[in-house]
Amino acid sequence: MWKPDLIEDVEEFHKKYGLEYKNPISRHLLPEEKEFRARCMLEEIQEYIAAKTLEEEVDAIIDLIYFALGTSYRHGFNFYDGWREVHRANMSKVRATKAQDSKRNFELDVVKPEDWKAPELDDAVVKKMKQSIISHWKGQYATKRRNLTDSETERIIKSGGKLPPAPDAGS
């Protein structure tokens, strides 16, 4: 089954409509844009709640994710690193055994155990330019690949290692 790169799709959309954010440093959005994006995401949640068909439900979910990813992109966040860390934290939660175990009073909830550790999102928020790895590949120099976290990059730099070759653009 084909699996799209959602981040690349959202970047393509923003580029097409002149909404690119090219600065490598994360930023706060202007209050007007932040409020606009929040309204759009709330609208999609309301559409999901009102949906009567499965098609309407999936449309609202996809539009919500599209807006959320676009908002992350406009902030300049490193979504891949943030996702990985939030996923790690979520995977350390436990399933509620009864509704009373959940602060949302729902028996299918997943809750934080006593020893739960919040996600560390330093790699997702770029506050300053970081050293990038330069690798020689097919006669060209390339900067750090997107699929490496900043911590992986630092580890490779410190160990004096080299990046594996980047995949061909057509693969």
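Brief remarks on what is shown
- Test result for residue 52, part of a loop (DSSP other than H, G, I, E, B) and of a type in the set (D, E, K, R): yes
- Taking segment 73-123 as the range and being touching a residue at least 60 places away in the same chain (Cβ under 8 Å) and in a helix (DSSP H, G or I) as the test, the residues that pass are 73, 74, 79, 80, 81, 84.
- The listed residues are 98, 22, and the only one of them that is surrounded by fewer than 14 Cβ atoms within 10 Å (Cβ to Cβ) and touching an Asp or Glu at 6+ places or on another chain (Cβ under 8 Å) turns out to be 98.
- Flag not set for residue 86, criterion: touching a Ser or Thr at 6+ places or on another chain (Cβ under 9 Å) and modelled with pLDDT of 65 or more.
- Entry remark, segment 92-115: residues being among the aliphatic types (A, V, I, L, M) and out of contact with any helix residue (DSSP H, G or I) (no Cβ under 8 Å at 6 or more places or on another chain) number 4 in total.
- Any hit, segment 12-30, residues being within 30 Å of residue 122 (Cβ to Cβ), of a type in the set (A, V, I, L, M, F, W, C) and touching a Phe, Trp or Tyr at 6+ places or on another chain (Cβ under 7 Å): no
- Tally, over segment 63-92, of residues that are closer than 19 Å to residue 43 by Cβ and charged (D, E, K, R): 2
For every residue, the table says whether it meets (1) farther than 19 Å from residue 75 by Cβ; (2) touching a Pro at 6+ places or on another chain (Cβ under 6 Å); (3) without any contact (Cβ under 8 Å) to a residue 40 or more places away in the chain.
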| position | (1), (2), (3) |
| --- | --- |
| 8 | no, no, yes |
| 17 | no, no, yes |
| 29 | no, no, no |
| 47 | yes, no, yes |
| 54 | yes, no, yes |
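- Taken over segment 47-61, the criterion of being surrounded by 12 or more Cβ atoms within 10 Å (Cβ to Cβ) and touching a helix residue (DSSP H, G or I) at 6+ places or on another chain (Cβ under 9 Å) is satisfied by 47, 48, 51, 56, 57, 59, 60, 61.
The values are calculated or read from the model by the stated rules, or taken from the named source; none is laboratory data. Computed from a predicted model, the values in this text were never measured in an experiment. Using ideal geometry, Cβ is built from the backbone for each residue, glycine included, and neighbour counts are taken over all protein chains shown.
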